[in-house]
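Okay, structure first, notes after.
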Amino acid sequence: MKQVKWMVAVLMIAVLPWGVTLAQETSASINGTIVDSSGNVLSGATVIVTHEPTGQVKTLTTNDAGRYSARGLRVGGPYKIEVRNGGYSDAEEGNIFIKLGEDRAIDAVLVADAISLDTVTAVGVAPVSATFDPDNMGTGSSISEDQITNLPTVDRNIQDYVRLDSRVNIRSFGEGISVSGVNNRFNNISIDGVGIGDPFGLEAGGSPGLSQPFSLDTIQELNVQLSPYDVTLSNFTGANINAITKSGTNEFSGRAAVYYSSEDLQRDDSSDFTREVYSLSAGGPIIKDKLFFFLAYEKEEQTRLAPTTNVDPDLVQQIADISQNVWGFDAGDFNPPRDAVTEEESIVVKLDWNINENHRASFKYQNNEDSQPIFAGIGGGEASLSSHWYTNDFENKSYNLNLYSDWTANFSTELRISNSEFDKVPGLNARLPQVEIEVGNGQSVFLGTELFRHANELNVATDNIYLEGNYFMGDHDLTFGVDWREQDINNVFVFASLGEYVFESIDDYANGIHDFYQLRIGSDPANPLPAADWSWENLGLFIQDKWTVNDRLTLVYGLRFDKPDTGDKPRFNQDFFDAYGFANNGVVSEGTIQPRIGFNYDMSDERMMQLRGGVGIFTGGTPNVWLSNSFTNTGGDVAVYRDFGTPGIFTPDPDNQPIFTGSSTQDVDVLDPDFKIPTVLKSNIAVDAELPWFGLIGSVELEYIKAQDAIHYQHLNLGAPTGTFADGRLSYLCDPNDFSNTRGDARCNANSDFNDVLYLTNTSKGETKRATVSLELPQTEHWYAKASYTYTDATEVSAGTSSRAISNWNNTPAFNVNEPLAATSAYEVENAFVFFTNYQNMFFGDNYTNIGLVWVSQDGEPFSYTYRTDVNGDGIRDNDLFYVPMPNEYVLADPSEAADFEAFLQSSGLAQYRGQIAPRNAFKAPRINTVDLNISQELPAWGPVRATLFLNIKNLGNLLDSDWGQVVTAGFDGDDVANMISIDDNGVQTIDWNGPTRFSTNRVASQWRAQVGFRLDW
């Protein structure tokens, strides 16, 4: 199939004057209408568009409607436009800047001896045009190069900039970017149109490594699109985040910068910490007006001590001695190195070629490598020996080639072909089974290879081809084409393949008396580590018309069709088919039709005003790991062996772990045979208006997003329920009223030939309602500012918080598991306010002082209240929603806590649900308020070189007061209210209260941190 697609693509390129690109914006356009002083259109007028930094020229002729369109232009500027026509004097307009993806409307009125261009010139000079533009229809925002430079960022990641939109929520766990109350894995992140996001779905932050695989100093503009109605955009149901790389020009230019932070530049200076970033970028001409280069290199090194533990070091040493003296192996030491270094390194090489007036090409190579030492099993009540530690190693590289061509005055194309490859392989300190020894007081010591690193390697290769043509005719701009993407995936993931043991005491470990043992190994001795080796592709077709109905109304309407196809299927499992009645080897194959329409109506009179909006279907953004799980866990490829205390079986030999004949059970992850790629309907309606004060721009926007095909996980091997509790909850315990052995009595009627059987299907439940109000002060001589408030009401069925199917199921607190119940989204931030501003002035000669500030104030993340006990017997603790008993429906294990428990019910908000189940995610962590500050000062110029000193402070409030700026969360799978002890015949519960809500403070995010730096620009 792959060869067929490539042959088709080659034939189309050879036969048609078309181009190939990814379905992401990488350029910009200018269009307009030329009329005479009486308003009559002028056909045949010559319009010359010149990109002054590179000398690129486009010469156009207006059509019968007096219109022209210059496409495939470099982002930024300045551009100069000249208009000529017989009988009229020549005229021009300069200092025009255009944004990424923008189709700037610049009209002209020609008179006998003068010209008046009806336009606004530039982002950064008069950014009113960024809002009031016929191309502005959907929801989104953009961040300019100046904002990237002058607004605060200590962590130097894109999260610090996409958060400037109050509709974007940066998750406290893993820096995930969430919009519309949906999973951060549903975003698409690209640079120059090439996808650079996590290609498999493992990384919470959405990047293929520790952070985005490029330096911020290489970015010319960053674009965040939430509901764009352009059918060329695809593969997201959350946000489409696209950046454009700088290019070389006719002038040599560049930047060298150093960024530094340490424990002396943060509140908590108790542990050694340093972070140094070295960045260098340069661009210029190879051949003036023809060939240009841009190079960038950045390296980050960070040293930080390992987490601390409350476990007695003497106990850890005792376990290390037993490992050596009793079991004959070296479990490692207890002292993490003080100089363990986390490294990130990236390089970019870009060439731009003005082939001639009608053709422009660009080639880019990008590579990043990250390495991070992980001290697993250390923190709080856990300690570990060095055999348990490992290193996360990432490598990501990509190539892309672009060709922008004008074939006639009306027909233009882009050609872009790309390839990328991502590798993630952990570096291990040892190859041993994982051993956990409980040492009392709820504490444990770990040694041996970390459980999920036993066999864990990933390679993803991605090829992209996209074919687009643009035909300009009268008032219509027709876009049509085809895009194709293929990913080859090889994922080896067999946890516990070296064995896992749990011992209840140090003496038990010394005597080899385990409490739990597990081994997962390939059922075929010749293939002990079976891999999910598969590929899939998506073929997209689209057509769209942009219709300039008149000088006030612009419509964009189009249709897109995406058809996924998986060439490989999971191995067929006959046992599963016999037990469950359908095949386990289903794959994604059903296509999705996506109609979209957007509009912009100019209501300007004395002041500028516009009405904009649209509606459309969007699909994609599904993490490959969710689809790959059915290849990894077919139930027949991996045998699972478990034991609960048979004496004398422990061995540290990873290649000689005990196997019990006839005791293996099967874990199966299966896809609904009719599963569809997640799909949503997005819509918005908005009014933007220039206000009568200080040039302010006010906007009000309403959005509605409805799930068409969302994800839903079910467990198929719970067995028939054994009873129903008084609150209506189904039980799967052998005795619904006996909680003394929930591990052994869970899933009493389950099929004993299988263990976990997880089923990924679709649901149409889930929606987002959102309202945003914003106020913007466009750039003046000294100031820029914007404030926005967003209210969000979002519901979902499955949060999709994990890469593993079993975790996605059991991390969703539930009343009756498997029920597709829509509840408040785990990603909802109900109320969010963002204010950012930048002030610039020359206090010292002609040297600029810049002060940038960002204030984010938002509700805490939602959470649920649950039981700690496995109340319903589904085999999972912590996921059963708490029933809030009436005063006569419970007895406390410790009656002296009764008053405190009742007070807790009131203060937590649980009391409002007495006699009911407390709904999922109905509660919020405390509100979060953070302020970040950047101060930079230019120094006197050294010839063409300008130097700048700068200081960034993250969480300024915490610098002023240690109680301010706290970032607090509850458990993402719920906060455990109590243990269920028993239920009597009258439904009265005996519960053991666990105390008040246990919020966790994000230590790093909750303390002020600073970064100092120095840069040279030329």
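Just one of the listed residues (GLY55, GLY101) is crowded, with 16+ Cβ neighbours inside 10 Å and either at pLDDT 85 or above or under 30 Å from GLY248 (Cα atoms) (or both), namely GLY101. The condition of being touching a residue at least 24 places away in the same chain (Cβ under 8 Å) and within 26 Å of ASP423 (Cβ to Cβ) holds for only one of GLU382, GLU345, that being GLU345. If you go through segment 353-378 and keep only what is closer than 19 Å to PRO426 by Cβ and among the small types (Gly, Ala, Ser), you end up with SER371, ALA376, GLY377.
Within segment 271-292, the set of residues being buried (at least 16 other Cβ atoms within 10 Å of the Cβ) and in a loop (DSSP other than H, G, I, E, B) comprises LYS290 only.
Would you call LYS676 more than 30 Å from ASP508 (Cα to Cα), assigned to a strand (DSSP E or B) and basic (Lys, Arg)? Judged against the criteria, LYS676 is not a match.
Of all residues in segment 712-729, those satisfying the criterion of being in a strand (DSSP E or B) and either at pLDDT below 95 or among the acidic types (Asp, Glu) (or both) are GLY723, THR724. Can you pull out the strands (runs of 3 or more DSSP E) entirely within segment 164-268 that have at least 1 residues that are of a type in the set (Gly, Ala, Ser)? Fully inside segment 164-268 and qualifying: 177-179, 188-191, 240-245, 253-262. Does VAL871 satisfy being in a loop (DSSP other than H, G, I, E, B), in contact (Cβ under 8 Å) with a residue 24 or more places away in the chain and over 16 Å from ASN921 (Cα atoms)? When the stated conditions are applied, VAL871 passes them.
Conditions (1) modelled with pLDDT of 95 or more; (2) among the polar types (S, T, N, Q); (3) under 27 Å from GLN1011 (Cβ atoms), marked per residue:
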site: THR869; (1), (2), (3): no, yes, no
site: ASN872; (1), (2), (3): no, yes, no
site: GLY875; (1), (2), (3): no, no, no
site: LEU881; (1), (2), (3): yes, no, no
site: PRO887; (1), (2), (3): no, no, no
site: GLU902; (1), (2), (3): yes, no, no
site: ALA918; (1), (2), (3): yes, no, no
site: SER936; (1), (2), (3): yes, yes, yes
site: ARG946; (1), (2), (3): no, no, yes
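Taking the numbered list (1) in contact (Cβ under 8 Å) with a residue 60 or more places away in the chain; (2) surrounded by 15 or more Cβ atoms within 10 Å (Cβ to Cβ); (3) under 30 Å from ARG612 (Cβ atoms); (4) touching a Ser or Thr at 6+ places or on another chain (Cβ under 8 Å) in turn, VAL556 passes all entries but (4). For segment 957-979, what are the residues that are modelled with pLDDT of 90 or more, buried (at least 20 other Cβ atoms within 10 Å of the Cβ) and not β-branched (Val, Ile, Thr)? Correct list: ASN958, GLY965, GLN966, ASP975, ASP976, ALA978. Is it the case that LEU432 is modelled with pLDDT of 95 or more and of a type in the set (A, V, I, L, M, F, W, C)? Yes.
Of the residues making up segment 466-481, those that are part of a strand (DSSP E or B) and either over 30 Å from ASP423 (Cβ atoms) or among the basic types (Lys, Arg) (or both) are GLU468, GLY469, ASN470, TYR471, PHE472, MET473, HIS476, ASP477, LEU478, THR479, PHE480, GLY481. Would you check if TYR390 is at pLDDT 95 or above and among the hydroxyl-bearing types (Ser, Thr, Tyr)? Yes; evaluated as a whole, the condition is true for this residue. Within segment 569-594, the set of residues being loosely packed, with under 14 Cβ neighbours inside 10 Å and within 29 Å of the chain's Cα centre (by Cα) comprises GLU590, ILE593. Residues in segment 503-548 that are closer than 16 Å to THR646 by Cα, among the polar types (S, T, N, Q) and assigned to a strand (DSSP E or B): GLN518 alone. Of the residues making up segment 775-795, none is outside any strand (DSSP E or B), surrounded by 20 or more Cβ atoms within 10 Å (Cβ to Cβ) and under 22 Å from the mean Cα position of the chain (by Cα). Here PHE375 does not qualify as surrounded by fewer than 22 Cβ atoms within 10 Å (Cβ to Cβ) and either among the acidic types (Asp, Glu) or under 23 Å from ALA70 (Cβ atoms) (or both).
Among the residues of segment 687-739, the one identified as polar (S, T, N, Q), touching a helix residue (DSSP H, G or I) at 6+ places or on another chain (Cβ under 9 Å) and within 23 Å of PHE618 (Cβ to Cβ) is SER699. The residues of segment 710-744 that are surrounded by 20 or more Cβ atoms within 10 Å (Cβ to Cβ) and over 20 Å from TYR883 (Cα atoms), listed by number, are ALA710, ILE711, HIS712, TYR713, HIS715, ASN717, LEU718.
The values are calculated or read from the model by the stated rules, or taken from the named source; none is laboratory data. Because the structure is a prediction, the values reported are computed rather than measured. Positions of Cβ are generated from backbone atoms using ideal geometry, with glycine treated the same way; all protein chains shown enter the neighbour counts.
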